[in-house]
Every structure is written in C-alpha cells, then in structure tokens.
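These notes are about the structure you will find just below.
The values are calculated or read from the model by the stated rules, or taken from the named source; none is laboratory data. The shown structure was predicted, so the numbers you read here are calculated from the model rather than taken from an experiment. Here Cβ is always computed from backbone atoms with ideal geometry, including for glycine, and neighbour counts include all displayed protein chains.
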Amino acid sequence: MSGSNLIYKILDAEAWREAREAGRLLGAPVDLADGFIHFSAAAQVRETAAKHFRGQAGLVLLGVDPALLGPALKWEPSRGGDLFPHLYAPLPVACVATERALELGPDGVAILPEAEAAA
C-alpha cells in the first residue's frame with residue numbers, strides 16, 4: 001500500500017511497545033479521554049506533529065491501512081473543519097503497515113519520513 005493511502009498515529013515508543021505485547025493499542029491518554037483513537041491523514045500528519053508533539057522525544061509514527069479498520073473508523077470534523085480519521089475501537093497491531101522512529105528537528109518538531117512529509 002502506498003504511503004498516501006495510510007492513516008497515521010504518532011505515539012510514544014513505550015506505549016507502542018506495550019501495544020505490540022498486548023496485540024492491540026487502546027490509545028494514548030488523549031485518546032482514552034476522548035473515547036476514540038486519533039489519527040491523521042498523510043496531508044495532516046506534519047501539522048499534528050508540530051501542534052501536539054513539539055519537543056517530545058521517543059516517538060514513533062505508525063502507518064495504518066484504513067481499509068482494515070472497518071466501520072469503527074469514522075472521518076469527523078476537527079482542526080479547522082478538516083475531516084480526521086477517528087477509530088472507535090482498539091487498534092489491532094496487525095493493522096499497522098509501517099512503523100518508524102521519529103527524531104526531533106532543531107525546532108522541536110518531529111522529522112517526518114519523506115513520503116509522509118510530501119503528502
């Protein structure tokens with residue numbers, strides 16, 4: 001699957017390690033508080049990284065095939081009225097197509113892999 005068809009989750013590496021061991025991701029604290037797992041489309045992930053993860057080290061970027069998530073995935077208005085993917089169920093680890101460690105740039109924003117940064 002090409003990167004432009006994936007949806008993305010930025011997550012603390014320790015939380016991802018725990019999810020892999022459990023076989024599913026229940027979500028980060030913000031996800032648990034909101035009742036769904038927040039994702040970003042490829043064109044949204046750079047702004048998400050800058051807005052919500054600035055200065056945070058130890059992050060991973062998960063690429064997920066939305067076709068595997070079924071009806072629990074909803075596209076809903078959020079930041080600026082854009083539609084964002086929200087998953088109203090745990091994320092099965094088997095649905096994660098890619099995972100990459102994220103490094104911080106000099107501005108404190110996560111450096112995204114080229115495919116996601118260009119989307």
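The test for being part of a helix (DSSP H, G or I) and hydroxyl-bearing (Ser, Thr, Tyr) does not hold for Thr98.
Against the definition (touching a residue at least 12 places away in the same chain (Cβ under 8 Å) and either in a loop (DSSP other than H, G, I, E, B) or farther than 15 Å from Ile10 by Cα (or both)), how does Ala57 come out, yes or no?
Details: touching a residue at least 12 places away in the same chain (Cβ under 8 Å): yes; either in a loop (DSSP other than H, G, I, E, B) or farther than 15 Å from Ile10 by Cα (or both): yes.
Yes, satisfied.
Taking the listed residues Ala89, Ala97, Ala28, Ala41, the one that is in contact with a Gly (Cβ under 7 Å, 6 or more places away or on another chain) and either under 15 Å from Lys9 (Cβ atoms) or of a type in the set (S, T, N, Q) (or both) is Ala97, with no other qualifying. Pairs please, first residue from the stretch 84-96 and closer than 12 Å to Val64 by Cβ, second anywhere and β-branched (Val, Ile, Thr), Cβ atoms under 6 Å, 6+ apart in sequence or on different chains. Pairs that qualify, where the first residue is closer than 12 Å to Val64 by Cβ and the partner is β-branched (Val, Ile, Thr), are Pro85/Ile7; Leu87/Ile37; Leu91/Ile37; Cys95/Val64; Val96/Val64.
Considering every residue within the stretch 54-62, establish whether at least one is farther than 20 Å from Ile111 by Cα, modelled with pLDDT of 95 or more and hydrophobic (A, V, I, L, M, F, W, C). The answer is no; no qualifying residue exists. Screening the stretch 31-47 for residues that are out of contact with any helix residue (DSSP H, G or I) (no Cβ under 8 Å at 6 or more places or on another chain) and in a helix (DSSP H, G or I) and picking the one that is surrounded by the most Cβ atoms within 10 Å (Cβ to Cβ) gives Asp31. Residue check: Arg24 meets all listed conditions (1) in contact (Cβ under 8 Å) with a residue 60 or more places away in the chain; (2) under 14 Å from Leu6 (Cα atoms); (3) not hydrophobic (A, V, I, L, M, F, W, C) but one, namely (2). Residues in the stretch 8-15 include at least one that is in a helix (DSSP H, G or I), under 25 Å from Gly105 (Cα atoms) and of a type in the set (D, E, K, R). Among the residues of the stretch 92-114, at least one is exposed (fewer than 14 other Cβ atoms within 10 Å of the Cβ) and either within 20 Å of Asp31 (Cα to Cα) or modelled with pLDDT of 95 or more (or both).
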